[in-house]
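Data first, discussion second: the structure below is written as structure tokens.
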Amino acid sequence: RSFGNRSRIIMRGGLFVAGFIRVITGGMFSGKSQELICQIDKARASGNPVDVCYPRIAERQSPRDIQGRVMAMDDQSGVQLFALGTDEFSFGTIRHKLLSEIIAIDEAQFFSPHIVDVVKKWRHEGRCVLIAGLDMDYLEQPFGSMGDLMCLADDVVKLHATCSSCHDKPAFISHRVSPSLHQVEIGETNYVALCLECHRKLCSGDRQRKEEYGALRETARHPS
């Protein structure tokens, strides 16, 4: 495939190398989707079309999400958006429809473990795969298949937000402010980005919340 009058070119000695995998990760509000958009822009500037995938469950949750950012582009030529189900069958089926040499995946933590095998196949097909997703959930546990994808990656970019409490230190924890105990809770308003010091202060000021948080962390580490 090509777009405009430019032919498809995979850059050698740069980012867009055949079989290259880059993972962009970090906590909430750290700029993962924005960095992914920057990589997509670079691909388009070099004449490469890009297929962009994101989970349907995150669709239109925020103008900061990947679909909103792509739609806000002045020029969307060469970019195709695919909203996918998180289940294995949906992702396994859609991979046969993605024809671009460069594939971008946002919110990768929500996809089933099958995403790891799909990315491996894309690598061996000579595709360049750009992946963005949360590294940990609110219990500080690895989120979905992100750990496996980081192991596969040729390059990992770790980003940090600024603490939303002290507005000074880098945030390492995506602290959930909603009462839900489910691992997946969609929506930016359900979280704040906190540094370790501010997180300790918040938890020490709420004994019940601290006890619940500690119990949930132990359950996640040692599931029955």
Against the definition (touching an Asp or Glu at 6+ places or on another chain (Cβ under 9 Å) and at pLDDT 55 or above), how does Ser204 come out, yes or no?
no
Any residue at all in the stretch 119-138 that is in contact with a Phe, Trp or Tyr (Cβ under 7 Å, 6 or more places away or on another chain) and farther than 30 Å from Cys198 by Cα?
yes
Residue by residue through the stretch 21-50, note down the ones that are among the basic types (Lys, Arg) and farther than 25 Å from Glu125 by Cα.
Lys32
Restricting to the stretch 138-153, and then to whatever is touching a helix residue (DSSP H, G or I) at 6+ places or on another chain (Cβ under 8 Å) and assigned to a loop (DSSP other than H, G, I, E, B), can you tell me which residue is modelled with the highest pLDDT?
Ser145
When you scan the stretch 146-158, do you find a residue that is in contact with a Ser or Thr (Cβ under 8 Å, 6 or more places away or on another chain) and more than 20 Å from Pro113 (Cα to Cα), even just one?
yes
Heads up, the helices (runs of 4 or more DSSP H) in the stretch 50-136 (entirely inside) with at least 3 residues that are β-branched (Val, Ile, Thr) and either at pLDDT below 90 or crowded, with 16+ Cβ neighbours inside 10 Å (or both) are 114-124
Lone qualifier among Gly19, Gly47 - being modelled with pLDDT of 75 or more, surrounded by fewer than 17 Cβ atoms within 10 Å (Cβ to Cβ), of a type outside the set (A, V, I, L, M) and part of a loop (DSSP other than H, G, I, E, B)
Gly19
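The values are calculated or read from the model by the stated rules, or taken from the named source; none is laboratory data. Predicted, not measured: the structure shown is a model, and the values here were computed from it. So basically every Cβ, Gly included, is an ideal-geometry build from the backbone, and we count neighbours across all protein chains shown.
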